[in-house]
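Okay, structure first, notes after.
The values are calculated or read from the model by the stated rules, or taken from the named source; none is laboratory data. Because the structure is predicted, anything quoted here is derived from the model rather than measured. For neighbour counting, all protein chains shown are included, and Cβ atoms are generated from backbone atoms with ideal geometry for every residue, glycine included. Each accessible area value is taken on the protein alone, full model and side chains, heavy atoms only, with ligands, DNA and RNA left out. Shrake-Rupley method; radii C 1.70, N 1.55, O 1.52, S 1.80 Å.
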Amino acid sequence: MKKSMLFVLALVFVLACALPAAAKDYKVGVAIYQFDDNFMTLYRNELQDYMKSLETDDEKYDITIVDGKNDMAEQSNQIDNFITQGMDVIILNLVQTSSADAIIDKIVANEIPLILINREPLGDDGDESYAGILDNANVCYVGADARQSGTYQGEIVAELENHGDINGDGKISYIMIEGDPENIDAQYRTEFSVKALVDAGFEVEELDDQVGNWAQAKGQEIAANDLSKFGDAIEVIFCNNDAMALGAAAAIQAAGRKVGEDIYLLGVDALAECVEMVENGEMTGTVLNDHIGQSHQAVDAAIAALHGEELQNYYWVDYVKVTK
Ligand code: GAL
C-alpha cells in the first residue's frame, strides 16, 4: 500500500474516533383513548414532559401522541400506522379493553415493547386480568388498583360524623354516577365505594345508578334529573371521577342544596379544581389518581424496554384519599 494511502486511512480513523457518536433516536408511539378527557390530558402532558426531560446527549425520544377519539377502529388504525412507522416502543391507553386481544397481538407479533396504561385489559371472563399477555417480558400494565379508589370514597363517607345518614333514617341513600361501564375503573369504583360502607356495618339504599361516561356534562345532567326526582332523599352522590363530580356540583348548586350540610359529593382523580372545592367545602372528598406517578412509571418502563430489560407484569401506583 502506498504511503499516501496509509496516511489517508490513518486520518479517517483518527477523525472517526474524535467525532462524537450519533445520539440514538428512539421512536415512541403513544395512543390515548381520547384527548377530550380531563384526567388523561394531565396524564399525557406529564408523560411527554417527563420523557423529554430524560433525554441525554446519547439518547433522544421522538414522541408521537395520537387521539383515539374513543373509537376502537380509529385506534386500531393508529396502531397499524405505529407498526409501519417502526415505533421502538408503544404506550397504549386502550379504547376498549374487552376487544384488546387483536390489537395487542399485532404489537407483540411485531416484537415492539408494549406499555399498557390506565385501562387494565380484562381476560375472557371479564374479571381476571389479561395475565397471559402480561407474562410476556415485553409487555406490562401500569396503573392504579381501582378497588382502592372506590374503597377510599366509601371510607370518606363512613368517617363523617353522621356517616352520610343526614336524615337519620338509619340508611345512607345515594346515587351513583358511573364512568364508561366497560372500564374496570368504573366497575370497581362503583362496587367498592358501596362495599366499604356495607363492610363498615352501614345500611345503604341505591336510589339510582347511571352512566355518565366520565364526562362533566353528563354528570351534571344525571345529577340534575335525580335531584329533581328524589329531592332531599339523596344524601350522597358518588361519582366515579372528578369531571362528573364537577357537573354534579353545578347541579347541586342549581337545586339550592349545600354540600356538607344537606348532601355529600365524592369524586376520584383530585383534579386541581376539585381539590380546591374539597378545601372550601364544595366537595366532600376525592381520591388522588396519581397521573404524575403513573406517567413517570410508564415512561420508566418504556425506557427499560428500549434498553432491552425485561418488564414486570404490573406496575401499581397508589391512590391517596383527599379530604378537607
Ligand atoms: C380513570 C379516570 C377517569 C378517566 C378514565 C379514562 O382512571 O379516573 O377520569 O380519565 O380513567 O380511562
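For the stretch 198-224, enumerate the residues that are aliphatic (A, V, I, L, M) and touching a helix residue (DSSP H, G or I) at 6+ places or on another chain (Cβ under 7 Å).
Ala200, Val204, Leu207, Ala215, Ala217, Ala223, Ala224
Yes or no: the stretch 261-270 includes at least one residue that is over 26 Å from Leu92 (Cα atoms) and touching a Lys or Arg at 6+ places or on another chain (Cβ under 8 Å).
yes
Is it fair to say Gln148 is closer than 19 Å to Thr286 by Cβ, touching a Leu at 6+ places or on another chain (Cβ under 8 Å) and either within 16 Å of the ligand (Cβ to nearest atom) or among the small types (Gly, Ala, Ser) (or both)?
no
Take Glu309 and decide whether it is surrounded by fewer than 16 Cβ atoms within 10 Å (Cβ to Cβ), over 20 Å from the mean Cα position of the chain (by Cα) and in the same structural domain as Gln216 (by TED's automatic domain parsing).
Criteria not met by Glu309.
Would you check which residues across the stretch 177-220 are open to solvent by less than 40 Å² (accessible area, probe 1.4 Å), within 23 Å of Asn93 (Cα to Cα) and not small (Gly, Ala, Ser) and list them?
Across the stretch 177-220, the qualifying residues are Ile177, Glu178, Asp180, Asn183, Ile184, Asp185, Tyr188, Arg189, Thr190, Trp214.
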